[in-house]
1. Build a GNM of the chain with springs between Cα atoms under 10 Å: which of LYS28, LYS38, LYS12 gets the top mean-square fluctuation?
2. Where only protein heavy atoms count, and the probe is 1.4 Å, what is the accessible area per residue for the chain in Å²?
3. State the percentage of accessible surface on the chain attributable to carbon and sulfur atoms; use a 1.4 Å probe and exclude ligands, DNA and RNA.
4. How far is helix 4-23 tilted, in degrees, relative to the longest principal axis of the Cα atoms in the chain, given as a value from 0 to 90 rounded to the nearest 10?
5. Need one value: the accessible area of ILE21 in square angstrom, 1.4 angstrom probe, rounded to the nearest 10.
6. Along the charge dipole of the chain, pointing to its positive end and built from +1/-1 on Cβ of Lys, Arg, Asp and Glu, which listed residue (ILE40, ALA13, GLY2) has its Cα farthest out?
7. Which aspartates and glutamates have a Cα lying under 14 Å from the Cα of LYS12, excluding residues fewer than 8 positions away in the same chain?
Amino acid sequence: MGTEAERQDTRKAMAFDLLAIIDKEPAKETYTKEEIKKLIFVYVTTAEQK
């Protein structure tokens, strides 16, 4: 399962990945709750496939 430090690093990496995904579309300044949920869902399910 890893150490607590490894889990914290993983959470931080995920947050930075999601920020990068959101910033890929600079023209879009706001996201709905549903759009954010979809981004997270796609990120998590794609990460599981690797």
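The values are calculated or read from the model by the stated rules, or taken from the named source; none is laboratory data. Being a predicted model, the structure only gives us computed values, none of them experimental. We place every Cβ from the backbone using ideal geometry, glycine too, and count neighbours over all the protein chains shown. Ligands, DNA and RNA are stripped out before the accessible areas are found, and what is left, the full protein with its side chains, is counted by its heavy atoms. Shrake-Rupley method; radii C 1.70, N 1.55, O 1.52, S 1.80 Å.
1. Looking only at LYS28, LYS38, LYS12, the largest GNM fluctuation is found for LYS28.
2. Numbers: 4580 Å² over 50 residues.
With the other protein chains kept in place, the chain gives 92 Å² per residue.
3. Working: 2810 of 4580 Å².
About 61 percent, which is the carbon plus sulfur part of the accessible surface.
4. 20
5. Using a 1.4 Å probe on the heavy atoms, I get roughly 60 Å².
6. It is ILE40, whose Cα lies furthest towards the positive end.
7. Qualifying aspartates and glutamates at Cα under 14 Å: GLU4.
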